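The values are calculated or read from the model by the stated rules, or taken from the named source; none is laboratory data. Note that this is a predicted model, so its numbers are computed, not measured. Using ideal geometry, Cβ is built from the backbone for each residue, glycine included, and neighbour counts are taken over all protein chains shown. The area values use the complete protein model at the heavy-atom level, side chains included, leaving out ligands, DNA and RNA. Shrake-Rupley method; radii C 1.70, N 1.55, O 1.52, S 1.80 Å.
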Amino acid sequence: MMIQWVRSIVFTIVIYIWMAILGLLFTPYALVSKKGALRACKLYARSTIWMARWMVGIQGEIRGPVPTGEVLIAAKHQSFFDILLIFHAVPHGKFIMKRELLWTPVIGVYAKRLGCIPVNRGKRGAAVAKMVKDVAKEFAEPGQLVIYPQGTRVAPGVSKPYKVGSAVLYEGLQYTCVPVATNVGLFWPRDGLLRKPGRAIVEFLEPIPPGVPRDAFMRRLETEIEGASDRLMREAGYENAQS
């Protein structure tokens, strides 16, 4: 266990130093071209997934058909690693993100260039209305919009309600919604430095076509994501996942 702790700490230091190096190297390209920002972020995601495998023993895996067109992706969020896996898998991921991240060094600059949509979580109704307006404007360019229906990272075994923002976007955009399940929090927790070896999976589930009524959509979204995430966690040996 002590060796794994050391590996985890070294890994964490390395990936953030690597983020800063890549961010600085690609900044001139990213500022003049959105393709430059996308290439830098793709390289970071790919290299970090690779480092996670050989440094701390986390093997990233993608399951299910990866969406490539203009869709809404509603994903279970357990840690930073599911962000990397989803972004690496889809052609051009754009994330609904909390506004505070815009002021984060490196991440903020690239998030703007990728077309990520910042949300002020403290204003609720106003934030949702502005989010829909911003998304409609940003989707003049193609991409896959990723939203976390629970609004934040949720540790395995913890219950947290699904928020209405996903349904509002689903109705407003009239796009197919692709639910996504994961078990990554078992190996890369939302808190702490310890990274545990294992197969961290992100699974793209059966798409939900446009036009499903809001209440039915929310029930289906939560049932499918939670059910599939519990299945993936049981597969990894997690005893507290629901049967």
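Which option, (1) 30, 21, 18; (2) 27, 24, 15; (3) 37, 21, 18, is the value of semi-axes √(5λ) of the Cα gyration tensor in Å that was calculated from these coordinates?
(2)
Just subtract the alpha-carbon distance of TRP5 and ASP191 from 0.36 nm times their residue separation and send over the number in nm, one decimal. Present the calculation step by step, with values, prior to reporting the outcome.
Numbers: separation 186, 0.36 × 186 = 66.96 nm, distance 1.40 nm.
Difference between extended and current length: 65.6 nm.
Among VAL146, MET218, ILE62, which residue has its Cα furthest toward the positive end of the charge dipole of the chain, with +1 on Lys/Arg Cβ and -1 on Asp/Glu Cβ?
VAL146
Using the alpha-carbon centroid of each, what span in Å lies between the range 141-167 and the range 187-243?
Centre-to-centre distance over Cα atoms comes out at 11 Å.
Carbon-plus-sulfur fraction of the accessible area of the chain, 1.4 Å probe, in percent?
On the way: 7230 of 11930 Å².
Answer for the chain: carbon and sulfur cover 61 percent of the accessible area.
About the Cα centre of the chain, what is the dipole size in debye to 20, counting +1 per Lys and Arg Cβ and -1 per Asp and Glu Cβ, all else neutral? Write down the numbers at each step before the final one.
Working: 32 positive and 18 negative charges, 143 e Å.
Charge dipole of the chain: 680 debye, to the nearest 20.
How many Å² of accessible area per residue for the range 173-243, probe 1.4 Å? The partial results should precede the final answer.
Numbers: 3430 Å² over 71 residues.
For the range 173-243, the per-residue accessible area is 48 Å².
Report the local net charge at HIS77: Lys and Arg +1, Asp and Glu -1, summed over other residues whose C-beta lies under 13 Å from its C-beta. Present the calculation step by step, with values, prior to reporting the outcome.
Values: positive: LYS76, LYS98, ARG153, LYS160, LYS163, ARG190; negative: ASP82, GLU226.
That works out to +4.
What is the spin-label model distance, in nm, from TRP18 to VAL158 if the labels are put 7 Å beyond Cα along the C-beta direction?
2.6 nm
Going by average Cβ density within 10 Å per residue, which order do the peptides 2-9, 227-234 take, highest to lowest? Show your work: numbers first, answer last.
Details: 2-9: 12.5, 227-234: 20.6.
Answer by packing, highest mean first, reads 227-234, 2-9.
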